[in-house]
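Colleague: Just passing along the structure, written as structure tokens.
The values are calculated or read from the model by the stated rules, or taken from the named source; none is laboratory data. Everything quoted here is computed from the prediction, not taken from an experiment. With ideal geometry, Cβ positions are generated from the backbone for all residues, glycine too; neighbour counts draw on all protein chains shown. Ligands, DNA and RNA are stripped out before the accessible areas are found, and what is left, the full protein with its side chains, is counted by its heavy atoms. Shrake-Rupley method; radii C 1.70, N 1.55, O 1.52, S 1.80 Å.
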Amino acid sequence: GTTCTGTFDPISVSAFVAAMSPGWNLGNTLDAVQNEGDWNNPPVVATTFDDVKTAGFKGVRLPVTWAYHFTSQSPDWTVDPIWLQRVSDVIDMITTRGFYTIVNVHHDSWVWADISASGANLTQIEERFYKLWYQIGTKLACKGSQVAFEPINEIPGSTAEHGAEVNKLNNIFLQAINDAGGFNAKRVVTLVGVGEDMVKTSQWFEKPDAKFENPYAIQYHYYAPYDFIFSAWGKTTWGSDADKASMEADIAAVRGNFTDIPLVIGEWSASPQSLETAARWKYYDYFTRTAMKYNTLPVLWDNGADQLDRVAHAWRDPVAISIQMNALKGLDNTLPESTSDSSATVQTSSAYIYHKQNTSVAATTLGFELNGNTLVSAKLSTGKALVEGTDYTVSGKDVTFSAAFLSTLLSPTTAPGPISTITLTFSAGTALTVSVVQYSTPVLGATSSQLAATSADLLIPITWAGQARPATVKAVKSDGLYLIDDWTQYLPDLQKGRITYGGQWDWDATHVILRTAVIDAVRAAGKTTTFTFEFWPREAGNVANYTLTV
């Protein structure tokens, strides 16, 4: 194995986890399939880590896909030395800025290491896994103690046998890095269970062979509840007592199963792109506090499109990042009230002042969860300070913006779209923004078409008129039944018949999009289907219908 010059300052795994909190993922970059830069993110530059550090993050998880960088097959599985050097260089960008980091094997989990696949050659997977980690361990053997390793990301599996195989891979990984020498025998590692899933990990994870002395944590990922995080089935609210209790039960259960092992949530996120703002802010606040309560390190997932705009050096939702940082310090954040009752038929949010075009401008009252704070000041994005008593008044938890003040920003005939932003500063915690939006119902460029003979995404032109994104989409067949997931008939009114963002519907600057999977579902059903595109705010009539005729 490798012999290192210099010194290695051993760190306990609990100290490592504490030093890395909070963490951030450099996602969809070195882990892209197939090459760095392939997934809409520019190649890594050092200044990205300056931006991350300035925001308050202390650690970086570095996902790396190795599958496309092998230069030979079995039995050697040689990794391209240029790629090894690139990974080493990026690690140096991270550690020279004082970060702690976790380096992994990422999408290899499904490209070649899917142990659950039919006919999977476990012998060859194990051979390749050992050879890969031996080479990574050799290349990184002399990195300092702020560099930790994670054997593999979200490896598929569903059975106890898969769980046992993942435990075996954890041991193969430990053998490989220890054989590689250097400082690796003392290096922190974050071991994994099937899928880095909290339930499967709790069920099947077993401690590694006692011969290995590496200090270890267990890493799992948290994207729950699925319907809210992935904008599925019209679930656009979060923050009820039941929502919070469910989250706490999840995180408490993993801690209860591993009482004496440091825990890392290596990925979590609530996307600024698709989720309602107030609900997202409440999620950030409660998730961070709950992770801290159960001594679990949160590492935010960032695919490059959701959180940090790396080119512009700007966070897409700086309020969310500030909420997390204040929560970590134990400071109480004020949060905007928003609909969290799943039985509601209209969704409201104090992150916005929505004014409907062609209606008179009236005073608007927004409610806030003050959490012990008081409102100190309000100002416009222009820097103009608002005057309490004239521009706004405060009554308990409610802030009312006067009609006279709002009339300085918009009129009944103002063109739809974002108008201004009001920043509210409180006695402690995060300053919140309120977006002032003029809206009317967006107009589709066409309202119907004949089902195409071939499968492809259907792009429907749209003229946005407010927030330039849909809230959700409902799909109803001509027989009155729901096109997809008919069981949603049992969900609340705001969720019945709604389909799922990403895989089934999407949007861009000038279109709403029905994905191929939905078009195929219409074909399979053999029935004309009406799609109701619902917009923000979610209220009666703020929709546009499109009929796909069979």
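Colleague: Hey, with R₀ at 22 Å, roughly what FRET efficiency would Asp520 and Tyr490 work out to, going by the Cβ-Cβ distance, to 0.05?
Modeller: Efficiency, rounded to the nearest 0.05: 0.35.
Colleague: Which aspartates and glutamates have a Cα lying under 18 Å from the Cα of Lys397, excluding residues fewer than 8 positions away in the same chain?
Modeller: The reachable aspartates and glutamates, counting only those whose Cα sits under 18 Å from Lys397, are Asp332, Glu337, Glu369, Glu388.
Colleague: Reported to two decimal places, what Rg/Rh ratio describes the chain when computed on Cα atoms with Rh from the Kirkwood expression?
Modeller: Taking Rg over the Kirkwood Rh, I get 1.00.
Colleague: Calculate the FRET efficiency for Asn35 and Ser240 from the Cβ-Cβ distance with a Förster distance of 35 Å, rounded to the nearest 0.05.
Modeller: Result of the calculation: an efficiency of 0.20.
Colleague: Apply the Karplus curve 6.51 cos²θ - 1.76 cosθ + 1.60, θ = phi - 60°, to the phi angles in segment 397-412 and return the couplings in whole Hz, x for Gly and Pro.
Modeller: Whole-Hz 3J(HN,Hα) from phi for segment 397-412: 8, 9, 10, 10, 8, 6, 4, 5, 5, 4, 5, 7, 9, 7, 9, x.
Colleague: Ordered by residue, what ³J(HN,Hα) values in Hz, to whole numbers, does segment 439-450 give under the Karplus form 6.51 cos²θ - 1.76 cosθ + 1.60, where θ = phi - 60° and Gly and Pro are x?
Modeller: 9, 9, 7, x, 10, 7, x, 8, 10, 6, 7, 7
Colleague: When the convex hull of the Cα atoms of segment 13-331 is projected onto a plane and the area is averaged over all directions, what value comes out in nm²?
Modeller: Computed as one quarter of the Cα hull surface, the answer is 15.5 nm².
Colleague: Let me ask you something else. Any of Lys207/Lys244; Lys356/Lys379; Lys235/Lys282 with alpha carbons more than 25 Å apart? Name them for me.
Modeller: Lys207/Lys244
Colleague: Need the full-extension length gain, Gln85 to Ser12, defined as separation in residues times 0.36 nm minus the C-alpha distance. One decimal, nm.
Modeller: In short, 23.5 nm is gained.
Colleague: How large is ³J(HN,Hα) for each residue in segment 533-550, as worked out from phi by the Karplus curve 6.51 cos²θ - 1.76 cosθ + 1.60 (θ = phi - 60°), to whole Hz, x for Gly and Pro?
Modeller: Ordered by residue, 3J(HN,Hα) equals 7, 9, 10, 8, x, 6, 8, 4, x, 8, 9, 9, 9, 9, 10, 9, 8, 8 Hz.
Colleague: Once you put a point 7 Å from the Cα of Ser343 and another 7 Å from the Cα of Thr441, both along the Cβ direction, what distance in nm separates them?
Modeller: Label at Ser343, label at Thr441, 2.8 nm between them.
Colleague: With only Lys, Arg, Asp and Glu charged, each at its Cβ (+1 for the first two, -1 for the last two), find how big the charge dipole of the chain is about the Cα centre; round to the nearest 20 debye.
Modeller: The calculated dipole for the chain is roughly 740 debye.
Colleague: A further question follows. Could you tell me how far the Cα centroid of segment 102-153 sits from the Cα centroid of segment 223-248, in Å?
Modeller: Comparing the Cα centres of segment 223-248 and segment 102-153, I get a distance of 33 Å.
Colleague: Tell me the carbon and sulfur percent of the accessible area for the chain, rounded to whole percent, probe radius 1.4 Å.
Modeller: 52
Colleague: With every protein chain present, what is the per residue accessible area of the chain (1.4 Å probe, Å²)?
Modeller: Here the per-residue accessible area is 39 Å².
Colleague: Right, something else. Given points 7 Å out from each Cα along the Cα-Cβ axis, report the Ala19 to Ser202 separation in nanometres with one decimal.
Modeller: 3.1
Colleague: Would you give the gap between the C-alpha center of segment 306-362 and the C-alpha center of segment 63-81, rounded to a whole Å?
Modeller: 44
Colleague: Sequence-distant or interchain residues sharing an amide H contact under 5 Å with Ala428, placed H: which?
Modeller: Hits under the 5 Å cutoff: Thr374.
Colleague: Which of the peptides 279-291, 421-433 is most tightly packed, and how do the rest follow, going by the mean number of other Cβ atoms within 10 Å of each residue?
Modeller: 279-291, 421-433
Colleague: What residues have an amide H closer than 5 Å to that of Ala363, excluding those fewer than 5 places away on the same chain, when H is modeled at 1.01 Å from N in the peptide plane?
Modeller: Amide H neighbours of Ala363: Ala403.
Colleague: Further, regarding this structure: Taking 0.36 nm per intervening residue step and subtracting the Cα-Cα distance, what contour gain separates Thr78 from Gln273 on full extension?
Modeller: 66.2 nm
Colleague: Could I ask something else about it? Given labels modelled 7 Å from the Cα in the Cβ direction, how far is it in nm from Thr159 to Lys379?
Modeller: Here the answer is 6.3 nm between the modelled labels.
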